[in-house]
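The values are calculated or read from the model by the stated rules, or taken from the named source; none is laboratory data. It should be emphasised that the depicted structure is a prediction, and the values quoted were computed from it without experimental measurement. Neighbour counts are summed over all protein chains in view; Cβ atoms, including those assigned to glycine, are modelled from backbone coordinates with ideal geometry.
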Amino acid sequence: MFFYICLIISFIPLLIIYPCVVSGKKNLPKKGRFILAPNHQTLNDPIIIAARLTSRRRFRFMAKAPLFKNKVFGAIMRGMGAYPVDNQSATDINAVKTTLKHLKEERAVCIFPEGARLVSSEENQLKHGVAMFALKTNSPVVPAFFVRKTNAFVPNRLIIGEPIALHTMEQFKDRKVDKDVLEEASQIIKDGINKLRYNYTHRKEIKQQEKLAKKQAKLQEKNKSTN
């Protein structure tokens with residue numbers, strides 16, 4: 001209930017402050033466990049995801065433990081589905097257990113596979129957390145991509161790709177979830193995010209070329225008419 005109260009109060013302001021179009025929302029499973037794996041550049045990312053995708057699914061998020069020190073803000077964050085993770089620790093057992101619990105209870109969890117906010121939307125190295133949770137719980141991974149930083153009053157787009165079912169892939173069957181497996185699985189997730197990036201950039205380039213071609217055609221017609 002607290003989640004929906006927070007969402008109702010903040011929904012309109014968030015729409016105005018963070019204008020963001022969502023493409024591919026139909027790729028989010030309506031039921032069952034899965035992991036949303038978007039790129040991550042600002043603290044606004046989880047807020048936008050919570051506001052824009054709740055009509056499809058409610059998400060749980062890992063958030064840096066220091067953000068929960070303020071009791072009021074911490075309570076709001078927990079109400080919105082966030083739970084703390086010690087980003088200074090190589091492995092926060094409590095955060096791992098909480099994530100596994102959410103997935104085993106068929107909930108949707110959002111984990112930023114890069115492990116931290118990054119200064120660029122370019123290709124980045126992924127941590128192995130998403131791959132590990134996906135393989136341990138048989139959870140599909142849904143890649144997602146913010147085309148630019150989620151800054152206030154800057155139009156943006158969140159592109160959501162098709163689910164990646166790592167646990168059904170032949171290459172991972174009957175194999176121990178070790179470093180090699182996690183590296184292979186993380187590369188597949190990375191490829192999924194990069195595919196969204198490439199397709200968006202490619203479509204944008206084609207539109208720019210078409211626009212330029214139309215402009216040149218009009219200019220040629222104008223030159224012919226004046227001659």
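Brief remarks on what is shown
- When F11 is tested against (1) under 30 Å from Y200 (Cα atoms); (2) modelled with pLDDT of 85 or more; (3) not aliphatic (A, V, I, L, M), only condition (2) is not met.
- Test: residue in segment 84-91 that is modelled with pLDDT of 85 or more, farther than 27 Å from K26 by Cα, in contact with a helix residue (DSSP H, G or I) (Cβ under 8 Å, 6 or more places away or on another chain) and assigned to a helix (DSSP H, G or I): no
- Residue check, L14 part of a helix (DSSP H, G or I), without any contact (Cβ under 8 Å) to a residue 40 or more places away in the chain and under 28 Å from R197 (Cα atoms): yes
- Among residues of segment 9-39, those that are in contact with a helix residue (DSSP H, G or I) (Cβ under 9 Å, 6 or more places away or on another chain), more than 21 Å from M62 (Cα to Cα) and of a type in the set (K, R), counted: 1
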